[in-house]
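Notes follow the structure.
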Amino acid sequence: QSALTQPASVSGSPGQSITISCTGTSSDVGGSNYVSWYQQHPGKAPKLMIYEVSNRPSGVSNRFSGSKSGNTASLTISGLQAEDEADYYCSSYTSSTTLDVVFGGGTKLTVL
Amino acid sequence: EVQLLESGGGLVQPGGSLRTSCVVSGVYFSNYDMSWVRQAPGKGLEWVSTISESGGRTYYAASVKGRFTISRDNSKNTLYLQMNSLRAEDTAVYYCAKYPSRGWSSGFFDYWGQGTLVTVSS
């Protein structure tokens, strides 16, 4: 199972909105609603930001939203803040023959 | 408060073995499927293995199948990863990660540990 495809980097100014894409195949992203997004600050553990394409866990700001169209999922962050600067990873899985969890390569978000 | 605390990382020679552990607190451990996810230095996340709540079902990434074994001791609230025939490319921070109550079919990890560094080098 190949990794999901994300842009290596995105940037935006405080207050702006940015979108990170995550492209897979019909076997993973396109084939289910099991897409999740994680935020990782340097030297820290990943933190769940979005699950099942568009659901936010309790405590995650509503500035974070997720969506999906076909084989591509997206994470949008509105009203960018300095603390949003981090790496972001998407994830999905397939279980046709056995479980196979895949992550995107990660996107470095820089807040200018 | 849910906490996952990994230990057992260190320096090991190529071909050697190592066992990492993850103690889980704040939840009824035996109710949850668990996983190991690793991250090589400067690289992205890579799923390694998943185990069901009872330990009866295990799943592995192709890159570690046959070399790594995931297990758990529900009486000790502890998850393990036995790593054999280690290679330089196994060098990474190893995170344990918890699934929500619906299990691995939910498709996401709701809690992560801080990780333990495994370095494979001569």
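The values are calculated or read from the model by the stated rules, or taken from the named source; none is laboratory data. As the structure is a computational prediction, the values presented were derived from the model and not from experiment. In this analysis, Cβ positions are derived from the backbone assuming ideal geometry, glycine residues included, and neighbour counts consider all displayed protein chains. What goes into the accessible areas is simple: the full protein's heavy atoms, side chains included, and nothing from ligands, DNA or RNA. Shrake-Rupley method; radii C 1.70, N 1.55, O 1.52, S 1.80 Å.
Select from the stretch B:99-122 the residues that are surrounded by fewer than 21 Cβ atoms within 10 Å (Cβ to Cβ), more than 10 Å from chain A (Cβ to nearest Cβ), within 27 Å of A:Met49 (Cα to Cα) and at pLDDT 95 or above and list them in ascending order.
B:Leu117
Can you name the residue in the stretch A:95-112 that is under 16 Å from A:Gly30 (Cα atoms) and over 11 Å from the mean Cα position of the chain (by Cα) and is also farthest from the other protein chains (Cβ to nearest Cβ) among such residues?
Going residue by residue through the stretch A:95-112, those that are under 16 Å from A:Gly30 (Cα atoms) are A:95-96, A:100-104.
Subset that is over 11 Å from the mean Cα position of the chain (by Cα): A:95-96, A:100-102.
Values: A:Ser95: 7, A:Ser96: 13, A:Asp100: 8, A:Val101: 4, A:Val102: 7 Å.
Only one residue tops the list, namely A:Ser96.
Can B:Gly66 be described as more than 14 Å from the chain's Cα centre (by Cα), of a type outside the set (S, T, N, Q), open to solvent by less than 20 Å² (accessible area, probe 1.4 Å) and on the phi > 0 side of the Ramachandran plot?
Values: more than 14 Å from the chain's Cα centre (by Cα): yes; of a type outside the set (S, T, N, Q): yes; open to solvent by less than 20 Å² (accessible area, probe 1.4 Å): no; on the phi > 0 side of the Ramachandran plot: yes.
Judged against the criteria, B:Gly66 is not a match.
Looking only at the stretch A:74-83, decide whether some residue is closer than 15 Å to B:Phe108 by Cα and within 12 Å of the chain's Cα centre (by Cα). Give the derivation first.
First, pick out the residues of the stretch A:74-83 that are closer than 15 Å to B:Phe108 by Cα: none.
Within the stretch A:74-83 (the criterion being closer than 15 Å to B:Phe108 by Cα and within 12 Å of the chain's Cα centre (by Cα)), the answer is no, since none of the residues qualifies.
Name the residues in the stretch B:41-58 that are surrounded by fewer than 21 Cβ atoms within 10 Å (Cβ to Cβ) and either of a type outside the set (Asp, Glu) or in a strand (DSSP E or B) (or both), would you?
B:Pro41, B:Gly42, B:Lys43, B:Gly44, B:Glu46, B:Ser52, B:Ser54, B:Gly55, B:Gly56, B:Arg57, B:Thr58
Go through the stretch A:2-26 and count every residue that is crowded, with 18+ Cβ neighbours inside 10 Å and either closer than 29 Å to B:Leu4 by Cβ or modelled with pLDDT under 95 (or both).
5
Is it fair to say B:Glu46 is acidic (Asp, Glu) and within 14 Å of chain A (Cβ to nearest Cβ)?
Values: acidic (Asp, Glu): yes; within 14 Å of chain A (Cβ to nearest Cβ): yes.
For B:Glu46, the condition - acidic (Asp, Glu) and within 14 Å of chain A (Cβ to nearest Cβ) - is met.
Identify, please: which residue in the stretch A:76-111 is assigned to a loop (DSSP other than H, G, I, E, B) and closer than 20 Å to A:Ala45 by Cβ and is, among those, least open to solvent (accessible area, probe 1.4 Å)?
So, considering only residues that are assigned to a loop (DSSP other than H, G, I, E, B) and closer than 20 Å to A:Ala45 by Cβ, the one least open to solvent (accessible area, probe 1.4 Å) is A:Gly106.
Can you pull out the residues in the stretch A:48-75 that are in a strand (DSSP E or B), touching a helix residue (DSSP H, G or I) at 6+ places or on another chain (Cβ under 9 Å) and at the interface with chain B (Cβ under 10 Å from one of its Cβ atoms)?
Hit for the stretch A:48-75 is A:Tyr51, nothing else.
Output the number of the condition that A:Ala8 fails; it satisfies all remaining conditions of (1) in contact with a helix residue (DSSP H, G or I) (Cβ under 7 Å, 6 or more places away or on another chain); (2) in contact (Cβ under 8 Å) with a residue 12 or more places away in the chain.
A:Ala8 satisfies all of (1) in contact with a helix residue (DSSP H, G or I) (Cβ under 7 Å, 6 or more places away or on another chain); (2) in contact (Cβ under 8 Å) with a residue 12 or more places away in the chain except (1).
Looking at the stretch B:26-40, is at least one residue open to solvent by 20 Å² or more (accessible area, probe 1.4 Å) and among the charged types (D, E, K, R)?
Checked against the condition, which is being open to solvent by 20 Å² or more (accessible area, probe 1.4 Å) and among the charged types (D, E, K, R), the stretch B:26-40 yields no hits at all.
Among the numbered conditions (1) touching a Ser or Thr at 6+ places or on another chain (Cβ under 8 Å); (2) open to solvent by less than 60 Å² (accessible area, probe 1.4 Å); (3) among the aliphatic types (A, V, I, L, M); (4) part of a strand (DSSP E or B), tell me where B:Leu86 comes up short.
(4)
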